Amino acid sequence: MTLTGIAARNIGRNKLRTTITVIVVAVSTLFFIMLRTVVWSWTSASEFAKKDRIATRHKVSFVMQLPKRYAEEIAQMPGVTAVSYANWFGGKDPRDENDFFATIATDPASLLKVYPEIKTPEAQKEAWLSDRRGALIGDALAKKKGWKVGDKITLAGSIYPGNWDFNVSGIYTTTTTNVDRSTVWFHWDYLNESLPERRKDMVGWIVSNISDPGASGRISKEVDAKFEERDLQTITMSEAALNQSFLGMFSAILKAIDLVSVVMIAIMGLIVGNTIAMGVRERTNEYGVLRAIGFLPKHVAQFVLGEALVIGIVGGLLGLALGYPFVNFGVGRFLEENMGQMFPQFRVQPQIAALAFGLALLLAVVSAILPARRAAKLQVVESLRRVG
Amino acid sequence: MSESNTGNGKSDIITLKGVGKSFWRGKERLDVLKDLDLTMKEGSFEALMGPSGSGKSTLLNLIAGLDVPTSGSINVAGSELGNMSEGDRAGFRAANIGFVFQTYNLMPVLTAVENVELPLLLVKNMSAGERRQRAEKALKLVGLEGRMGHYPRQLSGGQEQRVTIARAIVTDPKIIVADEPTGDLDRESANDILNLLGRLNTELGKTIVMVTHDPAAAERARVTHRLDKGALAL
């Protein structure tokens with residue numbers, strides 16, 4: 001029997017209140033882990049980018065297009081080993097227009113060279129390359145939609161209006177998490193031949209492989225210099241830099257998520273503090289007895305802080321136990337499959353779990369300092385008069 | 001008024017000289033005890049009686065070292081309590097005083113034996129096994145060897161008070177202070193408790209100071225002090 005052991009038993013006296021408090025700590029820990037994982041995953045996305053890939057787009061905006069011939073010219077430049085190009089199609093499933101997934105028109109053969117991490121069985125690859133209406137679909141999206149090889153699907157175009165029919169030529173998986181598994185890739189030619197003359201032969205962006213990852217800065221500058229005197233100028237950057245520039249647009253959101261995670265933990269602390277304070281009020285008489293039989297104010301404080309510590313430990317561990325499967329196999333799996341470029345790896349990091357658990361303990365104890373001080377300062381005679 | 005013998009020639013264990021105790025209620029000063037002189041012999045069994053507000057519980061608190069006097073001096077078991085720090089008085093209480101309360105004040109999350117063991121947590125260098133052994137011995141002494149694993153809610157009022165007495169004697173203190181120990185008990189249970197206190201006094205030589213309203217309880221004491229308006233009634 002120890003003082004902390006008795007404190008642990010004390011918290012079981014009001015089971016409902018303790019259970020609710022432990023749940024609050026657990027849920028706060030879980031959400032802290034999740035929000036911090038969002039920030040970590042997002043900010044570390046650039047680390048997962050391929051170092052030997054650079055992307056070229058219109059200098060002004062993502063939404064403005066470049067002539068396809070730029071891709072052919074870049075392919076001729078020294079240090080560039082492969083080039084592909086793509087257009088954002090903006091297609092939707094007419095059965096469920098709110099269900100977002102990427103639909104991109106590309107040159108299939110060059111795409112598979114530039115993105116070697118996209119894997120599909122050889123027969124499916126050949127089928128896709130030879131069918132102008134063929135589509136290569138990420139396995140996560142195919143599973144979600146129930147699409148199989150050989151199916152005929154129709155997508156409604158938003159940027160390019162009308163219903164567009166495709167044959168599902170293949171299902172792809174990826175060897176890395178930086179390419180999402182929920183994209184519909186299809187032939188750029190199929191899109192291009194359907195467009196009016198004034199919109200033909202334009203691409204949204206160009207992606208190039210380079211032989212020396214260390215030269216990405218130099219080659220990017222050379223690409224942009226090449227088109228500097230043309231009507232349409234370019235901006236070229238490494239895939240990592242592209243991800244980071246994209247991230248910059250969301251920096252306010254990341255800060256907000258950071259703030260929310262801290263506020264959540266702080267609220268948890270207040271709730272724990274309130275629970276402990278209620279317990280202290282109810283047990284004033286018992287603390288008086290302890291003091292009467294010789295326990296010191298520090299022992300009483302130890303009782304109170306011990307209760308908070310136990311709540312923090314139990315709630316924190318429960319939060320971790322729930323957080324790992326929830327993040328790694330629930331939200332994480334969904335985000336990796338559907339938003340792989342933004343969240344290439346959405347897994348609980350040990351340092352985030354340790355921080356969450358540490359904060360749960362720390363804030364539980366900190367929130368109990370005030371009630372503990374009050375309990376320790378109680379006058380013995382006054383405490384004994386109170387009936388619990 | 002003091003009655004009967006006061007300790008068969010033994011030395012004084014409690015000495016109060018000119019003790020006063022005042023409280024402030026806002027700007028109003030309340031003199032609860034006034035210039036009180038009192039001695040109690042080692043091994044005596046003494047009762048404090050008096051009407052509500054007469055100062056008997058305040059006097060008991062001063063003797064037990066729970067509070068300090070506003071004036072005068074209190075010497076208990078060789079310690080001058082008025083000069084002691086809060087921490088020193090806590091140590092004094094742990095070593096010298098056993099408490100028996102009217103409302104038992106047992107910890108509901110602890111079993112009978114664990115409640116009795118509680119004061120022993122303060123004893124340095126005592127193993128868990130020794131603590132348990134001493135707690136069990138104290139419970140046997142009060143006749144509760146069959147209730148050691150019971151929680152307070154599983155015990156009757158009289159049994160709870162016996163556990164309190166076991167807790168009071170487990171550290172082998174010289175003095176037991178009892179504040180209305182039979183106040184919440186029926187007559188039969190009250191008699192049992194008073195018999196037990198009597199045995200602790202006669203067989204173990206404990207000095208017992210008991211506050212009571214009950215004349216029947218007071219009769220068990222060898223000395224009865226009557227207080228009225230903060231002074232001993234003559």
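The values are calculated or read from the model by the stated rules, or taken from the named source; none is laboratory data. All values reported here derive from a predicted model rather than from experimental measurement. Counting neighbours? That spans all protein chains shown, and the Cβs are built from the backbone with ideal geometry, glycine included.
General observations
- For the stretch B:106-116, the count of residues that are within 8 Å of chain A (Cβ to nearest Cβ) and touching a Lys or Arg at 6+ places or on another chain (Cβ under 6 Å) is nonzero.
- Among the residues listed as A:Ala71, A:Ala8, the single one being surrounded by 14 or more Cβ atoms within 10 Å (Cβ to Cβ), within 14 Å of chain B (Cβ to nearest Cβ), touching a residue at least 60 places away in the same chain (Cβ under 8 Å) and outside any loop (DSSP other than H, G, I, E, B): A:Ala8
Okay, residues lined up against (1) assigned to a helix (DSSP H, G or I); (2) in contact with a Cys (Cβ under 9 Å, 6 or more places away or on another chain); (3) modelled with pLDDT of 90 or more:
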site: B:Ser57; (1), (2), (3): yes, no, no
site: B:Leu62; (1), (2), (3): yes, no, yes
site: B:Thr103; (1), (2), (3): no, no, no
site: B:Pro119; (1), (2), (3): yes, no, yes
site: B:Ala135; (1), (2), (3): yes, no, yes
site: B:Gly149; (1), (2), (3): no, no, yes
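- Restricted to the stretch A:267-280, and to residues there that are out of contact with any helix residue (DSSP H, G or I) (no Cβ under 6 Å at 6 or more places or on another chain) and modelled with pLDDT of 85 or more, the residue that is farthest from the other protein chains (Cβ to nearest Cβ) is A:Ile267.
- Selected residue [hydroxyl-bearing (Ser, Thr, Tyr) and farther than 26 Å from B:Trp24 by Cα] from B:Thr58, B:Thr164: B:Thr164
- Only one entry in A:Phe326, A:Phe334, A:Phe346, A:Phe303 is closer than 26 Å to A:Lys50 by Cα, hydrophobic (A, V, I, L, M, F, W, C) and in contact (Cβ under 8 Å) with a residue 12 or more places away in the chain, namely A:Phe346.
- Among residues of the stretch A:148-178 being buried (at least 20 other Cβ atoms within 10 Å of the Cβ) and of a type in the set (A, V, I, L, M), the one that is nearest to A:Phe343 (Cα to Cα) is A:Ile171.
- On the stretch given as the stretch B:169-191, residues that are free of Cβ contacts under 8 Å to residues at least 40 places away in the same chain, surrounded by 18 or more Cβ atoms within 10 Å (Cβ to Cβ) and outside any loop (DSSP other than H, G, I, E, B) total 2.
- Residue check, A:Val348 outside any helix (DSSP H, G or I) and of a type outside the set (Ser, Thr, Tyr): yes
- Qualifying positions in the stretch A:74-84 - out of contact with any Ser or Thr (no Cβ under 7 Å at 6 or more places or on another chain) and either surrounded by 15 or more Cβ atoms within 10 Å (Cβ to Cβ) or part of a helix (DSSP H, G or I) (or both): A:Ala75
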